[in-house]
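The values are calculated or read from the model by the stated rules, or taken from the named source; none is laboratory data. The structure presented is a predicted model; accordingly, all values stated were derived computationally and were not measured. Neighbour counts run over all protein chains shown; Cβ positions are idealised from the backbone, glycine included. When the accessible area is computed, the model is the full protein with side chains, heavy atoms only, and any ligands, DNA or RNA have been set aside. Shrake-Rupley method; radii C 1.70, N 1.55, O 1.52, S 1.80 Å.
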Amino acid sequence: MKVLSFLFNSSIGRKFAMALTGIFLITFLLVHCGVNATIFFNDGGETFNEAAEFMGTNWLIRTMEIGLFIGLLWHIFQGLWLWQNNGMRRKQKYGKSAGNANSTWYSRSMGLLGTLLLLFLVLHLKHFWIVSRFTDEITSGQETLYGEMMEVFGADGLISVVVYVLGCISLSYHLLHGFQSAFQSLGINHPAYNPIIKSLGFGFSIIVPLIFAAMPLAMHLGLLQ
Amino acid sequence: MENEMKIKLKVWRQENEKAQGKFEEYDVNTNPDMSFLEMFDVLNEQLITEGKDPVAFDHDCREGICGMCSMVIDGRPHGPKGGITTCQLHMRSFNNGDTISVEPWRANSFPVIKDLSVNRSSFDRIIAAGGFVSVNTGNAVDANSILIPKETADKAFEAATCIGCGACVSACKNASAMLFVGAKVTQLALLPQGQAEREARVVAMVNQMDAEGFGACSNTGACAAECPKEIPLSVIATLNREYMKAKMNGK
């Protein structure tokens, strides 16, 4: 294990860990978005409930869920550590700084955007993950996951909808920098691949959060049965 | 006179490393053809005449190759123009009546010596840790005895143009030295002379960089955007790759 200790004790190793866990979380987003998008079949949540049932009971998915939480926690704690640590490297701040002249605001605000995402995530897990894993509401058949979504985002769920949309906006900006930054941290920067990474990253960062944001909006506005 | 130009300078004054610094305002009569450092010479003449302490600032070659000049002008290292050092900046880049703020490089690893002059010996210690090649002494080797493809030589030269001024550190929100270290590691990793110490070098230089208190890289790209020699961000990717490879090999 000594060979991997650099992941925890060097600046480059820590960024390498951020990149690996980040790309892992990106693949999770893709699956999560794909499964949830089945609500747009507008079949009263039938397909979605079936997919949710499969994701909740399949042993492979359940095992990967453990990996997902390890990756997520690693990304969160390492990210917070870097944010705090990097912030101490310039004790005397500039009187006048022109950050926008050389970089984007969101690339300089990954710690803040990540923290907003974390706050959103706490609420999100409380809404759906805890209900489906730690209560018998869904397993006992009293309620379906789709029904749960309808309840959270329905007519009385304006605050939840607003929080979720803000969460998606944070996610979009976090990804706009994070997606391509992960490849740079892994040492992948080459004129032949850069355009693919850039355009793929841009598309992903806009489309995936947009689909996610459309879910609570569609439910709140009564566009889904 | 038509060419006359009056500006207001807000300059950071700090007695020494430990002292509390503050901005002081000065009116300077200059002209558009003066370089930024010549304008400072005029200010210092003025201060000396008034019996005041002149502003300390670093400079040497005044032609953009030594890497000594180090001013953050209106929030940007080496001023508002891209691809030049402070000494290559001219007053024609500003307007008559402008207020210009001038600060030193700010990073814990670059302590202020006095006013605008900072101590960059942390860079020297990174180079001493591994930024060199070991060669036998004796007669100089014939220039063409080791063949290097033109493309490789060009890439190595692109990285070698780094003058070690520290603008990358001063521009980075984390005060990271990754562009500087990346340039040195890339240059030597590309050339046959750098192969013997390749893995040991990158590990030693990164260890020193971390020990000096520079931050980690957030890939914002600010360093490359402000680099007077336009060193590309790809040298940081190369540094990451070289470091990972060395670590995976148990170095």
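Measuring with a 1.4 Å probe in the full set of protein chains, what accessible area per residue, in whole Å², belongs to chain B?
On the way: 11280 Å² over 251 residues.
Spelled out: the 1.4 Å probe surface of chain B, per residue, equals 45 Å².
Other protein chain C-beta atoms within 10 Å of residue C-beta, averaged over A:76-84: 1. Electrostatic tally near A:TRP81: other residues with Cβ closer than 13 Å to its Cβ, Lys and Arg +1, Asp and Glu -1, net +2. Shielding by partners for peptide B:170-178, expressed as the average number of C-beta atoms from other protein chains within 10 Å of each residue's C-beta, is 5.
Once you reduce the range B:1-80 and the range A:1-16 to the center of their Cα atoms, the two points are 43 Å from each other. The Rg/Rh ratio for the range B:1-56, using Cα coordinates for both the radius of gyration and the Kirkwood hydrodynamic radius, is 1.02. As a rough guide to protection, the peptides B:78-91, B:157-170 ranked by mean Cβ packing within 10 Å, highest first, stand as B:157-170, B:78-91. Values of log10 I(q)/I(0) for the protein assembly as shown across q = 0.06, 0.09, 0.10 Å⁻¹ run -0.37, -0.73, -0.85, by the Debye formula with one identical scatterer at each alpha carbon and no solvent. Listed values for the range A:21-38 are Karplus-derived 3J(HN,Hα) couplings in whole Hz (6.51 cos²θ - 1.76 cosθ + 1.60, θ = phi - 60°), namely 5, x, 5, 4, 5, 5, 5, 4, 4, 4, 5, 4, 5, x, 5, 5, 5, 5, and x replaces Gly and Pro.
Here the range B:43-102 is described by how far its Cα atoms reach on the three principal axes: 37, 29, 18 Å, from widest to narrowest. Mind checking the angle between helix B:178-190 and chain B's longest principal axis? C-alpha axes, 0 to 90 degrees, to the nearest 10. Approximately 40 degrees, to the nearest 10.
In nm, what is the difference between 0.36 nm times the number of residues separating B:LYS6 and B:LYS245 and their Cα-Cα distance? Before the final figure, lay out the partial values.
Numbers: separation 239, 0.36 × 239 = 86.04 nm, distance 5.54 nm.
Taking B:LYS6 through B:LYS245 to full extension adds about 80.5 nm, to one decimal.
Can you compute the equivalent ellipsoid semi-axes for the range B:120-184, i.e. the square root of 5 times each eigenvalue of the Cα gyration tensor, sorted largest first and rounded to whole Å? Show your work: numbers first, answer last.
Details: eigenvalues 162, 53, 13 Å².
The three semi-axes for the range B:120-184 are 28, 16, 8 Å.
Please state, rounded to one decimal and in Å, the Kirkwood hydrodynamic radius that chain A gives when every pair of distinct Cα atoms enters the mean of 1/r. Each step should come with its number before you reach the end.
Details: mean 1/r = 0.0515 Å⁻¹.
19.4 Å is the Kirkwood radius here.
Heavy-atom accessible area buried between chains A and B is around 3300 Å² (1.4 Å probe, both sides summed).
Assign one of three labels to the range B:201-251, namely rounded, prolate or oblate, based on the Cα gyration tensor with a ≥ b ≥ c the square roots of its eigenvalues; rounded applies when a/c is under 1.5, prolate when it is not and a/b is larger than b/c, and oblate otherwise. In terms of gyration-tensor shape, prolate.
For A:LYS91, list the lysines whose Cα falls under 28 Å from its own Cα; do not include residues on the same chain fewer than 8 positions away. A:LYS91 reaches A:LYS15, B:LYS8, B:LYS10, B:LYS18, B:LYS22, B:LYS81, B:LYS114, B:LYS173, B:LYS184, B:LYS229.
The modelled label-to-label distance between B:ILE48 and B:GLU24, using points 7 Å beyond Cα along the C-beta direction, is 1.5 nm.
What number in nm² do you get for the range A:37-123 if you take the convex hull of its Cα atoms and divide its surface by four? Please report the intermediate quantities before stating the final value.
On the way: hull surface 36.6 nm².
In nm², the orientation-averaged hull projection of the range A:37-123 is 9.1.
Under 18 Å of direct C-alpha separation, and excluding same-chain neighbours fewer than eight residues apart, B:LYS52 reaches these aspartates and glutamates: B:GLU15, B:GLU24, B:GLU25, B:ASP27, B:ASP41, B:ASP115.
Shown for the range A:73-153 is the translational diffusion coefficient from the Stokes-Einstein equation, using the Kirkwood radius over Cα pairs, a temperature of 4 °C and a viscosity of 1.567 mPa s: 80 µm²/s. Under the simplified labelling scheme, the B:ASP60-A:LEU80 pair shows an inter-label distance of 4.6 nm, with each label point 7 Å from Cα along Cα→Cβ.
Just the C-alpha atoms of the range B:121-248: what Rg/Rh do they give, with Rh taken as the Kirkwood radius?
Working: Rg = 14.6 Å, Rh = 15.0 Å.
For the range B:121-248, the value is 0.97.
Taken over the range A:107-225, the percentage of Cα pairs per 5 Å bin, counting from 0 up to the bin with the maximum distance, is 2, 11, 16, 17, 16, 13, 10, 7, 5, 2, 0, 0. Dividing the C-alpha radius of gyration of chain B by 2.2 N^0.38 Å, with N its residue count, gives 1.13. For the range B:5-113, the spread of Cα coordinates along the three principal axes comes to 36, 34, 23 Å, biggest extent given first. Ligands, DNA and RNA left out, the accessible area of chain B computed with a 1.4 Å probe is 49% carbon and sulfur.
Given a 10 angstrom Cα cut-off, can you work out which residue in A:SER181, A:SER109, A:SER140 is the most mobile in a GNM of chain A? Comparing A:SER181, A:SER109, A:SER140 in a Gaussian network model of chain A, the most mobile one is A:SER140.
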